[in-house]
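Enquirer: What follows is a single structure, and I will ask about it in a moment.
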Amino acid sequence: MKLNVNSAIKIPKIHIVYVWIMLFFAFSGFYYAKIPVLSPVYIVFIPTFLIILLFLVIKKCISLNISCLFGAAFVFYIFFSQFLVGGKIIAIFGSMVTVLYFILSTILLPLLTKPQIYKILNYFLCTNVLIYGFDTIYRLSLYHFNLNAMLTSFYLMKKQCLFYSDTNPLAINTTILTFFSFYLFDKNKELKYLIFMLIFVILTYLTLSRSGIIAIIASFVIYFLYRNVKTILKNKNSIKLTAVPLKLIFLCIFLVIISIIGFFLSNLIVNYLSADGSFSTKISLLKGLKNFFHNAPFSTILFGTGYNNGQIMIYTGLSYAHSYLATYVIETGLCGYLLMTSFLVSIVLHTPKTLFIFIPFIFLGISHISHAQLHVFYSVLALVAALESFVEINNKIDVNNIKEV
């Protein structure tokens, strides 16, 4: 399928298109759980999708890379299979929109110059700081900014989220934005991205989401270990027994300290987790997966139980799947799981730098991933892909005199 983007949109000055694309990204994290269909993310998405669909009908072709083709295959699969197995309509719509966010972003971003993409992502970061910052202030105000009061009402506090059903989806977004900011800082060495990163780290910690906190700590440890080991291996020929690099000494000391601390804390962690309700939920999901493969009909194993239709309780005893594995294996079946995983793997293979985003996503997915509220995740993946494989197009949207954020 091919669409020449240059011939698809030919308007002398398309300021409104530029502004609309900016809104498309800026509102990708603006979700309102109490009235989902009126969420700004959907209000902007629906006309954007219809406009691109109109161009597709007129031009009869569209340019999609391999990742988008996998994403489109997943969307078509979900659309047809979920109605057959009885998935809830709002969940089906939400899951399709999240993947379509990546596809539409991949179509829209080549319309812009690189400076315009940076302006958009700056507004994107600022908007999310305001939205999630407001949510955080709202939750803290309920406890009069008393951290001890929050900790004593741990689970209740997590439920008192203003925009989402609880703080877990919020933590997913702030964690993803933490590492998107870190990627931008690593790429450009600009202080503002370091500031954004620190803000999103603080917002993640204030969600009290353990999966988000663990994802941040573990991902940073992995990144810095990789960076140091890579540097040492690169300079291994220059290492002499009489002149060991100071960095290598510090790295070895760091690893020894981490190992000792990990050894003494392991028993405490195991004892804590064994008594923790959240951890017992993860154990239930693992047992539920085993039960699913042993007892589910073959058609259900292939196509799933359906999004949020209650059948998952038969296998897990829970009302919905928390983790990535349980969500896509049980609710969309092996076919859905393989399509979704192929889609994500294709993005990494096409743009290796997306590992900045995928590493924390993996840690998040072990504990909690929502299939319907990942618009920020897919927006970020598209932005990273655009920045890493930016190709100049002759007919760009020409927007002049736009100040930097």
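The values are calculated or read from the model by the stated rules, or taken from the named source; none is laboratory data. Owing to the predicted nature of the structure, the values given are computational and were not obtained by experimental measurement. Please note: Cβ atoms are built from the backbone with ideal geometry, for glycine as well, and neighbour counts cover all protein chains shown.
Enquirer: Checking Thr152 against (1) modelled with pLDDT of 80 or more; (2) more than 23 Å from Leu374 (Cα to Cα), only one condition comes out false. Which one?
Expert: Every condition holds for Thr152 apart from (1).
Enquirer: Oh, and also: Which residue pairs have Cβ atoms under 6 Å apart, sit 6 or more places apart or on different chains, and have a first residue in the stretch 132-143 that is closer than 11 Å to Cys161 by Cα and a second that is modelled with pLDDT under 90 and not in a helix (DSSP H, G or I)?
Expert: Asp135/Leu162; Asp135/Phe163; Tyr138/Leu162; Arg139/Gln160; Leu142/Gln160
Enquirer: A follow-up question, please. So is Ser319 in a loop (DSSP other than H, G, I, E, B), under 18 Å from Ser209 (Cα atoms) and modelled with pLDDT under 90 or not?
Expert: Spelling it out, it is not the case that Ser319 is in a loop (DSSP other than H, G, I, E, B), under 18 Å from Ser209 (Cα atoms) and modelled with pLDDT under 90.
Enquirer: Scan the stretch 211-222 and report the pairs whose first residue is modelled with pLDDT under 85 and surrounded by 14 or more Cβ atoms within 10 Å (Cβ to Cβ) and whose second residue is in a helix (DSSP H, G or I) and of a type in the set (A, V, I, L, M), with Cβ atoms within less than 7 Å and a gap of 6+ or a chain change.
Expert: As it stands, the answer is Ser211/Ala171; Ser211/Leu364, since those pairs meet every condition given.
Enquirer: Among Leu364, Leu339, Leu334, which is the only one that is free of Cβ contacts under 8 Å to residues at least 60 places away in the same chain, part of a helix (DSSP H, G or I) and not charged (D, E, K, R)?
Expert: Testing whether each residue is free of Cβ contacts under 8 Å to residues at least 60 places away in the same chain, part of a helix (DSSP H, G or I) and not charged (D, E, K, R) leaves just Leu334.
Enquirer: Sticking with this structure for a sec: Residue by residue through the stretch 342-361, note down the ones that are free of Cβ contacts under 8 Å to residues at least 40 places away in the same chain and either within 13 Å of the chain's Cα centre (by Cα) or buried (at least 24 other Cβ atoms within 10 Å of the Cβ) (or both). Step through it out loud before you land on a result.
Expert: Start the filter on the stretch 342-361 by keeping residues that are free of Cβ contacts under 8 Å to residues at least 40 places away in the same chain, which leaves 344-345, 348-349, 351-352, 354-355, 358.
Within the stretch 342-361, Leu344, Thr354, Leu355, Phe358 qualify.
Enquirer: Restricting to the stretch 207-232, count the residues that are within 19 Å of the chain's Cα centre (by Cα), of a type outside the set (Lys, Arg) and in a helix (DSSP H, G or I).
Expert: Count: 12.
Enquirer: Out of Thr178, Thr136, Thr204, Thr174, report the one residue that is part of a helix (DSSP H, G or I) and at pLDDT below 90.
Expert: Numbers: Thr178 fails: at pLDDT below 90; Thr204 fails: at pLDDT below 90; Thr174 fails: at pLDDT below 90.
Selected residue: Thr136, the only one of Thr178, Thr136, Thr204, Thr174 that is part of a helix (DSSP H, G or I) and at pLDDT below 90.
Enquirer: Out of (1) touching an Asp or Glu at 6+ places or on another chain (Cβ under 8 Å); (2) surrounded by 18 or more Cβ atoms within 10 Å (Cβ to Cβ); (3) over 22 Å from Ser39 (Cα atoms), the odd one out for Gly336 is which?
Expert: (1)
Enquirer: Residue check: is Tyr123 modelled with pLDDT of 90 or more, over 30 Å from Ser299 (Cβ atoms), surrounded by fewer than 20 Cβ atoms within 10 Å (Cβ to Cβ) and hydroxyl-bearing (Ser, Thr, Tyr)?
Expert: Judged against the criteria, Tyr123 is a match.
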